[in-house]
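Heads up, the thing below is written out as structure tokens.
The values are calculated or read from the model by the stated rules, or taken from the named source; none is laboratory data. Model, not experiment: these values are computed from the prediction. Cβ placement follows ideal geometry from the backbone for every residue including glycine, while neighbour counts extend to all protein chains displayed.
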Amino acid sequence: VIVGILGGGQLGRMLALAGHPLGIGCVFLDPAADACASPLARSIRARWDDVDGLGELARQADVVTFEFENVPAASAELVATLTRLRPGARALAAGRDRLDEKRLFRRLGIATARFVAIDDAADLDRAGDELGFPYLVKSRTLGYDGKGQYRVDSAADVARIGAAIGSRPAIAEELVAFDRELSVIAARDEAGHVLVYPLSENRHRDGILRLSLSRPGDRADDAAQACIRSLASELDYVGVLALELFDRGGTLLANEFAPRVHNSGHWTIEGAQTSQFENHLRAVAGWPLGATAARGHAAMINLIGDAPRPPDVLRCGHARLHLYGKEPRPGRKIGHVTVTADSAGELAARLGELAFLLDPTDRPSLPV
Ligand code: AMP
């Protein structure tokens, strides 16, 4: 089976690595000359809307999927007319617009932060009245890792932030005083069977994921699982998807979902019976899914901006180092490190050996 992948970043690279033992080949389409998946498989260098490039991808592949969700809708629809696209163009479209996405969650009975649609400056004033200050404004499309996000602290900020947003459609959201940020990842096959991974607790800084922890028996597992099952069924989803949630006093509020494998699921490579990458390929190939149970406790540390020297990481014999072959650059995800353990205490000890990789704000509280 050859799987065509729109996007050739680290997620594509890890999909290719997962495909090898199963005899699943990959072919990538990416506009970047230095796409980090390209050393691993055939690659087509083309813009997202390049009709010839998309046609070539569809011709070379038995099924096409994506690892980058901001592929233009028209490109996804074109591919879907040429070959099988998994998940479908509708699943891709459903997560494209933050307002539609929040309305979808509400329709499915999945709680969210309170929100207000922002079409013009008057809506920003109304948002202050309805949500109270501070609140957040996000562009409805193309935002990720906190990009296109503004915090409105008082009515005095409204004019400045209104100017920054300009005519872009936006959404205002209540600023959630969450206890934890969580994500839940599921795989759904063509027959509609859904398997859900134990959830991840995620720590961010500057909007970028730094650390994910997966501990067996999290009290929020069942509620998170119910949310993602209903979302996956509603979208008639095929493949792996991720749902980001806030835990506020034990209540889960959905923030956004990603129609793809997810950074907070990298621990599943070593920490689960079947990785998110393998399950995504199995699902889109029309094959049965593998078990999603965790093998124990796991932690995943993102390497952002700069890479440590590999021996410094590997001195911890339980560390599993993944480097993506990307040039170091501030704010750029260039690799990750996973540690697994049989107990919370063992995980803490192993993370202690890797404390130099952790954000100072995370060090004292690990693992909680
Ligand atoms: P997003 O771009 O929606 O993924 O948001 C990036 C990060 O901003 C999240 O991981 C949260 O840390 C924070 N964030 C987003 N929305 C909210 C919200 N409504 N209240 C509090 N924090 C938020």
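Brief remarks on what is shown
- Those strands (runs of 3 or more DSSP E) lying entirely in the range 129-239 with at least 3 residues among the hydrophobic types (A, V, I, L, M, F, W, C) and either within 16 Å of the ligand (Cβ to nearest atom) or under 24 Å from D97 (Cα atoms) (or both): 170-174, 180-188, 208-214
Let's see how each residue does on (1) more than 18 Å from K138 (Cα to Cα); (2) away from the ligand (no atom under 16 Å from the Cβ); (3) in contact with a Gly (Cβ under 7 Å, 6 or more places away or on another chain):
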{"residue": "Q10", "(1), (2), (3)": "yes, yes, no"}
{"residue": "G19", "(1), (2), (3)": "yes, yes, yes"}
{"residue": "A33", "(1), (2), (3)": "yes, yes, no"}
{"residue": "C36", "(1), (2), (3)": "yes, yes, yes"}
{"residue": "A76", "(1), (2), (3)": "yes, yes, no"}
{"residue": "L85", "(1), (2), (3)": "yes, yes, no"}
{"residue": "F105", "(1), (2), (3)": "no, no, no"}
{"residue": "D120", "(1), (2), (3)": "no, yes, no"}
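- Members of the range 240-252 found to be closer than 18 Å to D179 by Cβ and either assigned to a helix (DSSP H, G or I) or in contact with a helix residue (DSSP H, G or I) (Cβ under 7 Å, 6 or more places away or on another chain) (or both), listed by number: L243, L245, L252
- Count of the range 74-101 residues, restricted to those that are assigned to a helix (DSSP H, G or I) and either under 22 Å from N255 (Cβ atoms) or among the β-branched types (V, I, T) (or both), is 11.
- Filter result (of a type outside the set (G, A, S) and surrounded by 21 or more Cβ atoms within 10 Å (Cβ to Cβ)) within the range 11-23: L11, R13, M14, L15
- Matching entry among A294, A272 (being out of contact with any Gly (no Cβ under 8 Å at 6 or more places or on another chain), modelled with pLDDT of 95 or more and closer than 30 Å to A91 by Cβ): A272
- Sole exception among (1) of a type in the set (F, W, Y); (2) within 28 Å of K138 (Cα to Cα); (3) modelled with pLDDT of 95 or more for F28, by number: (2)
- Any hit, the range 259-267, residues being within 16 Å of the ligand (Cβ to nearest atom) and over 24 Å from D359 (Cβ atoms): yes
- The residue of the range 162-206 that is surrounded by the most Cβ atoms within 10 Å (Cβ to Cβ), among those that are β-branched (V, I, T) and more than 17 Å from the chain's Cα centre (by Cα), is I171.
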